[in-house]
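Working notes, beginning with the structure itself.
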Amino acid sequence: MIAALDRPLSTVLRDCTAIAHSHSEKSPFMSCLTSGALNSAAVADYTAQLWFIYVVLEDGVREHSAGSRLGVFADSRLERVQALEQDLLGLIGPRWRDCVLPGRGTLAYVAHLRRLAEVGDETGLIAHHYVRYLGDLSGGQVLARVLRERYRIGPDGLNFYDFSRIGSRECYRSDYRCRLDLLELDEVDLSWLVSSANEAFEFTRGVLGDLAERHCVFSNRI
Ligand code: HEM
């Protein structure tokens, strides 16, 4: 039976992940990064962790993009791997592949995404898709400004944040929310979607926790 909701699903998802979002946003690494306290090595490391994650996320989404549920969200214009590779080239140089290593949190996140793809869990993949891409289209744009203004990163290191191929970010976000609202989920899938989105934030905290340990002075793991 389709779950009866008192609010649109996109609102439920945003409300139910608001605390987790706030923890990520205020995490020591994000706080250090946005205050301009870090250096370009930290920016390169953060970019590299994103690369490890998006390679697996985008493989999984492409593999299941014919699925009736995930297919509604899969959009090659969102894909970030190529942009991240350009950024790593710009931030580190041509031998960047020899210089990047996934942290423990990144390895855990990537293993989880691989499992979702292996079992064809479209609902789980939608949750991670939502947390990553809607985040990139929202707060990600705040980060792009910080990197440009505080770290003097040029366009060759900021391709990840460039979504010009999708047109207006605002329209895309609102259309994405409509697509969420049209999903027909039963109670079990609804609860899995919400818990998977919170899990995506939890994995992100692991990634950010490692980055804080490596780059923030006086950091505590979150
Ligand atoms: C300094 C770090 C961050 C800042 C400043 C920030 C800021 C924001 C802002 C301003 C919005 C727009 C809210 C709205 O339109 O109502 C947003 C939305 C969002 N952010 Fe973040 N964010 C940060 C980190 C993150 C991280 C690390 C993630 C997850 C990986 C994330 C995921 C999201 C998601 C999924 C949304 C969309 C919520 C929705 O409208 O459904 N954010 N963020």
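Residues checked against (1) within 14 Å of the ligand (Cβ to nearest atom); (2) under 18 Å from ARG7 (Cα atoms); (3) within 14 Å of the chain's Cα centre (by Cα):
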| position | (1), (2), (3) |
| --- | --- |
| ILE126 | yes, no, yes |
| VAL146 | yes, no, no |
| ASN159 | no, no, no |
| GLY167 | no, no, no |
| ASP175 | yes, yes, no |
| LEU182 | no, yes, no |
| LEU193 | yes, yes, no |
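What residue, among those in region 148-157 that are open to solvent by 60 Å² or more (accessible area, probe 1.4 Å) and within 15 Å of the ligand (Cβ to nearest atom), is nearest to the chain's Cα centre (by Cα)? Step through it out loud before you land on a result.
Filtering region 148-157 for residues open to solvent by 60 Å² or more (accessible area, probe 1.4 Å) gives 148-150, 152, 155-156.
Applying the additional criterion that residues be within 15 Å of the ligand (Cβ to nearest atom) yields 148-150.
Details: ARG148: 20, GLU149: 22, ARG150: 22 Å.
Among residues in region 148-157 that are open to solvent by 60 Å² or more (accessible area, probe 1.4 Å) and within 15 Å of the ligand (Cβ to nearest atom), the one nearest to the chain's Cα centre (by Cα) is ARG148.
Evaluate the following for PHE203: is it part of a helix (DSSP H, G or I), in contact with a Lys or Arg (Cβ under 6 Å, 6 or more places away or on another chain) and open to solvent by less than 50 Å² (accessible area, probe 1.4 Å)?
On the way: part of a helix (DSSP H, G or I): yes; in contact with a Lys or Arg (Cβ under 6 Å, 6 or more places away or on another chain): no; open to solvent by less than 50 Å² (accessible area, probe 1.4 Å): yes.
Spelling it out, it is not the case that PHE203 is part of a helix (DSSP H, G or I), in contact with a Lys or Arg (Cβ under 6 Å, 6 or more places away or on another chain) and open to solvent by less than 50 Å² (accessible area, probe 1.4 Å).
Filter region 53-82 down to residues that are under 20 Å from ILE153 (Cβ atoms) and within 14 Å of the chain's Cα centre (by Cα) and give me whichever is most open to solvent (accessible area, probe 1.4 Å). Spell out how you get there, then give the answer.
Kept after step one, since they are under 20 Å from ILE153 (Cβ atoms), are these residues of region 53-82: 53-54, 80-82.
Retained after the next criterion (residues that are within 14 Å of the chain's Cα centre (by Cα)): 53-54, 80-81.
On the way: ILE53: 4, TYR54: 0, ARG80: 11, VAL81: 31 Å².
Filtering region 53-82 for residues that are under 20 Å from ILE153 (Cβ atoms) and within 14 Å of the chain's Cα centre (by Cα), the one most open to solvent (accessible area, probe 1.4 Å) comes out as VAL81.
Which condition from (1) within 16 Å of the ligand (Cβ to nearest atom); (2) crowded, with 19+ Cβ neighbours inside 10 Å is the one that SER31 breaks?
(2)
Which one of these is within 16 Å of the ligand (Cβ to nearest atom) and either at pLDDT below 95 or open to solvent by less than 40 Å² (accessible area, probe 1.4 Å) (or both): ALA197, ALA117?
Among ALA197, ALA117, only ALA197 is within 16 Å of the ligand (Cβ to nearest atom) and either at pLDDT below 95 or open to solvent by less than 40 Å² (accessible area, probe 1.4 Å) (or both).
Can you tell me which residues in region 183-194 are open to solvent by 30 Å² or more (accessible area, probe 1.4 Å) and in a helix (DSSP H, G or I)?
Matches in region 183-194: GLU187, VAL188, ASP189, SER191, TRP192.
Starting from region 135-160, take each residue that is closer than 13 Å to THR34 by Cβ and list its partners that are in a helix (DSSP H, G or I) and within 11 Å of the ligand (Cβ to nearest atom), counting only C-beta distances under 6 angstrom and pairs at least six apart or across chains.
Short answer, once both residue conditions are applied: VAL146/THR34.
Under 8 Å by Cβ, and 6 or more places apart or on different chains, what pairs join a residue from region 10-30 that is of a type in the set (Val, Ile, Thr) with one that is within 8 Å of the ligand (Cβ to nearest atom)?
Here the result reads THR17/VAL131; THR17/ALA197; THR17/PHE201, each pair linking region 10-30 to a residue that is within 8 Å of the ligand (Cβ to nearest atom).
With (1) part of a helix (DSSP H, G or I); (2) under 25 Å from SER196 (Cβ atoms) as the list, and LEU33 as the residue in question, which single condition is left unmet?
Here LEU33 clears every test but (2).
Looking at region 1-21, which of its residues are among the aliphatic types (A, V, I, L, M) and either assigned to a helix (DSSP H, G or I) or open to solvent by 80 Å² or more (accessible area, probe 1.4 Å) (or both)? If you could, list the steps in order and put the result at the bottom.
Kept after step one, since they are among the aliphatic types (A, V, I, L, M), are these residues of region 1-21: 1-5, 9, 12-13, 18-20.
The answer is MET1, ILE2, ALA4, LEU9, VAL12, LEU13, ALA18, ILE19, ALA20.
On the given criteria, is GLN49 touching a residue at least 24 places away in the same chain (Cβ under 8 Å), closer than 16 Å to THR204 by Cβ and part of a helix (DSSP H, G or I)? Outline the logic, then answer.
Numbers: touching a residue at least 24 places away in the same chain (Cβ under 8 Å): yes; closer than 16 Å to THR204 by Cβ: yes; part of a helix (DSSP H, G or I): yes.
So GLN49 fits the description; yes.
The values are calculated or read from the model by the stated rules, or taken from the named source; none is laboratory data. All values reported here derive from a predicted model rather than from experimental measurement. Backbone-built Cβ (ideal geometry, glycine too); neighbour counts: all protein chains shown. Heads up: the accessible areas ignore ligands, DNA and RNA and are worked out on the full protein's heavy atoms, side chains in. Shrake-Rupley method; radii C 1.70, N 1.55, O 1.52, S 1.80 Å.
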